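The values are calculated or read from the model by the stated rules, or taken from the named source; none is laboratory data. Because the structure is predicted, anything quoted here is derived from the model rather than measured. When we count neighbours, we look across all protein chains shown, and the Cβ atoms used for this are built from the backbone with ideal geometry, even at glycine.
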């Protein structure tokens, strides 16, 4: 939903080990800054740490990022949350979330990256997206009752999620789902799922497109390359687009 284009070239991204680790560490720092350093009480931090462990990020690096974000160590996080919105080629709406320690450097970098699209158009395009809580998880159950799980967890909506859509879900022996909820309910939904046999792999706020324009194959290729160029920027943490 909005980010599936990333998975087509996930192998290429994973080869950039340094960049991947940097983004994971930044996500841990931000999660700890927003929700505290207790993994049991911060579902977003728990999911970020789990991803970092799977990517072989060392324990010392993880703990240092948590202390930095939570302000419990000698060094405090100076990261600023910045959001850019605009349009990719062929008028595809895009929201780019960044965490940076230098906004003055990041802004011109975004202008360069958007040279094939449109940045800072008159008015915001965020009305084209739902700003919601997103929890993605999987369970070993073969055919889970997703509707019942969503109701019990306190989610507003749900959809099945496959390994092809999120490769943190095992290819076999698991059933995945995406649960959408109020932004204030992310932790509640995540905790219910964890308590009932689910493994949470994403717990965050995000922008989900309300509609998805139809594109031809050549147009899809151009948009995909544009979005990947955005994702490659070290300060870019999430790219949300009306594209799948």
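If you go through segment 195-206 and keep only what is surrounded by fewer than 19 Cβ atoms within 10 Å (Cβ to Cβ) and either part of a helix (DSSP H, G or I) or modelled with pLDDT of 90 or more (or both), you end up with 195, 196, 197, 199. Which residues, counting only those in segment 149-169, are buried (at least 17 other Cβ atoms within 10 Å of the Cβ) and in a loop (DSSP other than H, G, I, E, B)? Hits for segment 149-169 are 155, 165, 166, 168, 169. If you filter segment 35-64 down to residues that are touching a residue at least 12 places away in the same chain (Cβ under 8 Å) and farther than 24 Å from residue 184 by Cα, you find that the one that is surrounded by the most Cβ atoms within 10 Å (Cβ to Cβ) is 52. Scanning segment 113-148 for residues that are in contact with a helix residue (DSSP H, G or I) (Cβ under 7 Å, 6 or more places away or on another chain), in a helix (DSSP H, G or I) and either without any contact (Cβ under 8 Å) to a residue 40 or more places away in the chain or surrounded by 15 or more Cβ atoms within 10 Å (Cβ to Cβ) (or both) gives a single hit, 113.
Scanning segment 150-159 for residues being closer than 20 Å to residue 47 by Cα and either touching a residue at least 60 places away in the same chain (Cβ under 8 Å) or in contact with a helix residue (DSSP H, G or I) (Cβ under 7 Å, 6 or more places away or on another chain) (or both) gives a total of 5.
Could you list, in sequence order, the residues of segment 70-94 that are within 20 Å of residue 34 (Cβ to Cβ), assigned to a loop (DSSP other than H, G, I, E, B) and either free of Cβ contacts under 8 Å to residues at least 12 places away in the same chain or touching a helix residue (DSSP H, G or I) at 6+ places or on another chain (Cβ under 7 Å) (or both)? The answer is 73, 75, 76, 77, 79.
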